[in-house]
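Report on the structure given below.
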Amino acid sequence: MNFDLTDDLQLFQDQIRKFVEREVAPGARERDVGEVFPGEILRKLGETGYLGGTVSPEYGGAGMDYLSYGILIEEIGRADSSLRSTISVQLSLVMRPIEIWGSEEIKRRYLPKLASGEMIGCFGLTEPNAGSDAAAQQTTAIRDGDHYVLNGQKMWITNGGKAHVALVIAQTKPGGGTDTIAAFVVDRDTPGFSTADIHGKLGLRSSNTGQLFFADCRVPADRMVGKVG
């Protein structure tokens, strides 16, 4: 079996590598030591189309296959694993779920801005007392008319302190296990939603890590991604 890259993939790898050597590698150490979030690099990745990842061009994405996506992440990680972490969350845990399970309105509202770097996204799963066990989530989302009211806390969230939008996992029925879990798109400026940065990590310091707090945060019911369970 031949595991060599095709000519097209080799060309893509060469293009990514040149971009990384020019835009990412310089200053990577300084960004890490100073906990400097690479916002400008993300915007440049958006301009080149790389930040569109596997998302369909219909929604502003690059329509990459998974081999191309793997090459993108690998080449960025060679120079700056903090940036790799930031991008992989944006693409795999925010944009991809929205594309698969989001309504048409949600897709068109968020995906083009996430793909361009205009928006940063985070994935709100991990909690102080539940870790990443989705069935043990303590953050709740209780239905109230045309809204869900979110209460709870998320911890160790990549991009959490910089995100314009969060894809949040919550329980619609406390103690209901996986059958009552739901995901919601929550804008940063939604009343009752706040964040805090986590500083002093041992590594990946240029990748923002934060906490998310929800205090009677009212989210429109149509911002649910997918369905309950």
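So the values come out like this:
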item: Test: residue in region 90-105 that is farther than 26 Å from residue 227 by Cβ and of a type outside the set (A, V, I, L, M, F, W, C); result: no
item: Residues (in contact with an Asp or Glu (Cβ under 9 Å, 6 or more places away or on another chain) and either hydrophobic (A, V, I, L, M, F, W, C) or in a helix (DSSP H, G or I) (or both)) located in region 52-73; result: 55, 59, 68
item: The lone exception for residue 36 - which of (1) over 17 Å from residue 116 (Cβ atoms); (2) in contact (Cβ under 8 Å) with a residue 40 or more places away in the chain; (3) not in a loop (DSSP other than H, G, I, E, B); (4) not charged (D, E, K, R) it fails; result: (3)
item: Residue ID - farthest from residue 183 (Cα to Cα), chosen from residues in region 127-153 that are among the small types (Gly, Ala, Ser) and at pLDDT 95 or above; result: 145
item: The lone exception for residue 227 - which of (1) in contact with a Gly (Cβ under 8 Å, 6 or more places away or on another chain); (2) among the basic types (Lys, Arg); (3) under 19 Å from residue 101 (Cβ atoms) it fails; result: (1)
item: Selection within region 219-229 - of a type outside the set (Val, Ile, Thr) and crowded, with 17+ Cβ neighbours inside 10 Å; result: 223, 224
item: Filter result (surrounded by fewer than 22 Cβ atoms within 10 Å (Cβ to Cβ), out of contact with any strand residue (DSSP E or B) (no Cβ under 8 Å at 6 or more places or on another chain) and within 18 Å of residue 160 (Cα to Cα)) within region 95-116; result: 96, 113
item: Any chance residue 76 is in contact (Cβ under 8 Å) with a residue 60 or more places away in the chain, under 18 Å from the mean Cα position of the chain (by Cα) and assigned to a helix (DSSP H, G or I); result: yes
item: Residue count for region 119-133, restricted to those that are surrounded by 14 or more Cβ atoms within 10 Å (Cβ to Cβ) and either touching a helix residue (DSSP H, G or I) at 6+ places or on another chain (Cβ under 8 Å) or not β-branched (Val, Ile, Thr) (or both); result: 9
item: Test for residue 84: is it buried (at least 16 other Cβ atoms within 10 Å of the Cβ) and among the basic types (Lys, Arg); result: yes
item: Counted residues, region 127-144 - those being over 22 Å from residue 196 (Cβ atoms) and in contact (Cβ under 8 Å) with a residue 60 or more places away in the chain; result: 2
item: Scan of region 188-200 for residues that are touching a residue at least 12 places away in the same chain (Cβ under 8 Å), out of contact with any strand residue (DSSP E or B) (no Cβ under 6 Å at 6 or more places or on another chain) and more than 19 Å from residue 139 (Cα to Cα), ordered by number; result: 199
item: Of residues in region 143-153 being out of contact with any Ser or Thr (no Cβ under 6 Å at 6 or more places or on another chain) and under 20 Å from residue 132 (Cβ atoms), the one surrounded by the fewest Cβ atoms within 10 Å (Cβ to Cβ); result: 153
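The values are calculated or read from the model by the stated rules, or taken from the named source; none is laboratory data. If you're wondering where the values come from, they're calculated on a predicted model, not measured in any experiment. Using ideal geometry, Cβ is built from the backbone for each residue, glycine included, and neighbour counts are taken over all protein chains shown.
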